[in-house]
């Protein structure tokens with residue numbers, strides 16, 4: 001039996017000797033490499049925090065003491081040490097989450113996997129302990145990348161306001177988040193890494209000067225009184241201490257004894273303390289260390305020896321199609337520039353950056369700044385493309401509204417991972433953007449159905465110079481091209497029955513076109529005629545849609561976005577405004593946080609499958625016939641069982 005197999009909770013770590021702890025660290029790394037290779041997941045970040053996590057659980061008493069993980073993708077070791085060692089379905093349906101989860105364990109506190117939030121949580125918990133007179137400790141673990149986020153510094157400013165409120169901040173400094181960390185803070189941390197600590201210098205000075213007759217002790221007192229100046233000279237840690245936060249470090253993040261010593265001192269201090277730990281992302285796994293791009297930040301299922309993917313890649317991903325087109329556009333248009341928020345490679349800007357390094361900026365984990373910076377770039381005569389995960393644009397809504405849209409800036413936001421992302425769980429699903437952005441005046445939203453439309457609509461977006469535009473697409477493969485039969489206004493007709501009138505108009509939003517076309521085939525088998533259109537641009541609603549809708553008995557909108565205030569809702573409003581009285585069904589994501597599973601599994605769970613859509617439309621048509629026979633209004637009741645994605649409104653207010 002391995003040492004890891006004997007660990008059922010943090011208390012089991014207390015009795016281990018130093019050699020046993022080293023063995024445990026090796027066993028954990030071996031476990032992670034093979035377990036994550038089978039399922040996919042965040043490998044590099046977890047390999048880098050093995051010793052740090054062991055030390056945290058030996059010094060603090062979780063769950064009484066709260067250990068908080070910023071972002072949480074580095075919590076696999078924490079899961080192992082708190083009794084969760086079945087990684088067979090990691091990030092899969094019914095398996096462990098890839099992030100902390102309150103449902104899994106009392107040792108998990110923060111489920112939100114958005115970066116830079118942990119210090120705000122820590123500040124609140126520490127204040128709660130103070131009010132309730134608890135002696136619990138609060139420990140916040142934050143990466144150097146997350147410290148580039150403005151929220152982290154807002155929290156630090158508040159944390160420092162109470163010098164006697166205990167709170168331990170562990171900075172996990174591996175010099176990279178998704179990519180090497182950049183910016184002024186990164187330069188500051190780099191200086192701290194490469195200089196001897198002030199405490200060592202002061203200890204030397206104390207030893208020498210206190211042995212010096214007569215003048216030794218006074219000189220030492222002066223030196224100690226002037227320590228701020230010496231700190232800035234020897235190791236510029238004064239930035240933290242100027243805020244009123246005690247600084248310890250840098251500490252070797254792979255030396256358990258040194259880590260425990262530093263954490264124990266921080267625990268006893270009685271006020272806010274930063275423990276600066278230097279770790280190596282991907283430690284112990286040569287392929288990760290040799291990958292300079294992101295140190296295997298996240299991997300798919302792969303062979304742990306060769307790193308070859310276990311599932312062959314299909315057609316190019318949406319991200320790759322975007323990246324290739326951006327590189328081509330960069331050659332043609334010198335006014336096009338790019339912004340990313342610490343995710344240059346994940347959002348597909350690598351090729352653009354290689355060709356045009358002076359036209360791309362990584363602003364760090366600072367989406368709000370990125371949006372305002374984009375407004376400035378546009379005002380200065382350029383057309384910025386801000387590429388970001390859809391779920392992360394939520395953080396910059398005010399800036400999109402008040403800085404970009406209000407000033408009619410030609411900024412294009414490219415939202416990767418839009419819709420259901422699946423395995424990364426609730427906070428990574430990009431299912432709110434088409435609802436949130438509907439209220440922004442002048443903004444336009446494009447949702448391409450395939451890679452060819454992505455390239456086409458990206459160029460259309462870049463031709464808009466007096467308003468913001470949004471291009472959204474999901475994760476994974478873009479699939480085969482889906483041709484259109486003809487175009488009505490700005491909409492592509494993907495299927496039509498060959499007659500002027502039909503039973504159903506299916507409005508297919510973005511990547512759900514294959515689902516809608518399949519649903520139309522199933523309806524045809526039941527004798528239901530169906531037109532399928534792709535609006536291409538879902539905001540604003542195409543003016544040709546209401547007249548087209550009027551030639552059908554029922555219209556259904558299918559989207560991988562929240563049904564609340566989504567495209568279906570906006571289409572309903574457009575029909576009411578146009579006086580078109582046609583029943584409407586909306587299919588989308590219910591107003592709830594969705595558990596992690598594969599994208600296809602989540603879509604099935606919320607009813608976004610061809611069979612489910614065709615069945616509910618058939619039921620709605622049957623209900624309409626029944627109502628007509630009874631002489632009632634042509635409004636069928638909502639079909640909305642628990643967890644269903646179906647709903648009902650009509651083209652007029654009711």
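The values are calculated or read from the model by the stated rules, or taken from the named source; none is laboratory data. What you see is a predicted model; the values in this text were computed from it and never measured. We place every Cβ from the backbone using ideal geometry, glycine too, and count neighbours over all the protein chains shown.
Data overview
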| quantity | calculated |
| --- | --- |
| Those residues of region 123-145 which are in contact with a helix residue (DSSP H, G or I) (Cβ under 7 Å, 6 or more places away or on another chain), crowded, with 17+ Cβ neighbours inside 10 Å and within 13 Å of residue 166 (Cα to Cα), in sequence order | 123, 137, 138, 139, 140 |
| Lone unmet requirement of (1) crowded, with 20+ Cβ neighbours inside 10 Å; (2) within 30 Å of residue 410 (Cα to Cα); (3) at pLDDT 95 or above; (4) touching a strand residue (DSSP E or B) at 6+ places or on another chain (Cβ under 9 Å) for residue 556 | (2) |
| All positions within region 460-480 that are crowded, with 24+ Cβ neighbours inside 10 Å and assigned to a loop (DSSP other than H, G, I, E, B) | 468, 473, 474, 478 |
| Residue match in region 99-109 (condition: crowded, with 16+ Cβ neighbours inside 10 Å, touching a residue at least 40 places away in the same chain (Cβ under 8 Å), within 20 Å of residue 301 (Cα to Cα) and touching a helix residue (DSSP H, G or I) at 6+ places or on another chain (Cβ under 9 Å)) | yes |
| Scan of region 64-84 for residues that are more than 24 Å from residue 145 (Cβ to Cβ) and crowded, with 16+ Cβ neighbours inside 10 Å, ordered by number | 65, 82, 84 |
| Meets criteria (out of contact with any helix residue (DSSP H, G or I) (no Cβ under 6 Å at 6 or more places or on another chain) and modelled with pLDDT under 95) for residue 11 | no |
| Filtered residues of region 481-511 (kept if under 36 Å from the mean Cα position of the chain (by Cα), closer than 19 Å to residue 617 by Cβ and not in a strand (DSSP E or B)) | 509 |
| Selection count where residues are within 24 Å of the chain's Cα centre (by Cα) and on the phi > 0 side of the Ramachandran plot, scope region 564-587 | 1 |
| Test: residue in region 162-179 that is at pLDDT 90 or above, assigned to a helix (DSSP H, G or I) and crowded, with 19+ Cβ neighbours inside 10 Å | no |
| So residue 546, is it within 32 Å of the chain's Cα centre (by Cα), touching a residue at least 12 places away in the same chain (Cβ under 8 Å), crowded, with 20+ Cβ neighbours inside 10 Å and outside any strand (DSSP E or B) | no |
| Residue, farthest from residue 266 (Cα to Cα), within region 110-158, restricted to residues that are without any contact (Cβ under 8 Å) to a residue 24 or more places away in the chain and assigned to a loop (DSSP other than H, G, I, E, B) | 133 |
| Residue within region 439-449 that is outside the structural domain of residue 541 (by TED's automatic domain parsing), over 23 Å from residue 395 (Cα atoms) and in contact with a helix residue (DSSP H, G or I) (Cβ under 8 Å, 6 or more places away or on another chain) present | yes |
| Residue that is nearest to the chain's Cα centre (by Cα) [pool: residues in region 345-361 that are at pLDDT 95 or above and assigned to a loop (DSSP other than H, G, I, E, B)] | 347 |
| In region 503-514, the residues that are surrounded by 21 or more Cβ atoms within 10 Å (Cβ to Cβ) and farther than 18 Å from residue 471 by Cβ | 504, 505, 506, 507 |
| Selection count where residues are under 18 Å from residue 95 (Cβ atoms) and crowded, with 16+ Cβ neighbours inside 10 Å, scope region 602-626 | 2 |
| Residues that are in contact with a strand residue (DSSP E or B) (Cβ under 9 Å, 6 or more places away or on another chain) and under 21 Å from residue 16 (Cα atoms), drawn from region 68-83 | 76, 78 |
| Test: residue in region 512-529 that is touching a residue at least 12 places away in the same chain (Cβ under 8 Å), part of a strand (DSSP E or B) and in contact with a strand residue (DSSP E or B) (Cβ under 6 Å, 6 or more places away or on another chain) | no |
| Options 68, 47, 21, 32; residue that is within 26 Å of the chain's Cα centre (by Cα) and over 22 Å from residue 301 (Cβ atoms) | 68 |
| Any hit, region 312-334, residues being more than 24 Å from the chain's Cα centre (by Cα), closer than 27 Å to residue 447 by Cα, in a loop (DSSP other than H, G, I, E, B) and at pLDDT 95 or above | yes |
| Residue within region 17-39 that is modelled with pLDDT under 95 and touching a strand residue (DSSP E or B) at 6+ places or on another chain (Cβ under 6 Å) present | yes |
| Residue match in region 404-426 (condition: under 21 Å from the mean Cα position of the chain (by Cα), in a helix (DSSP H, G or I), in contact (Cβ under 8 Å) with a residue 24 or more places away in the chain and within 27 Å of residue 557 (Cα to Cα)) | yes |
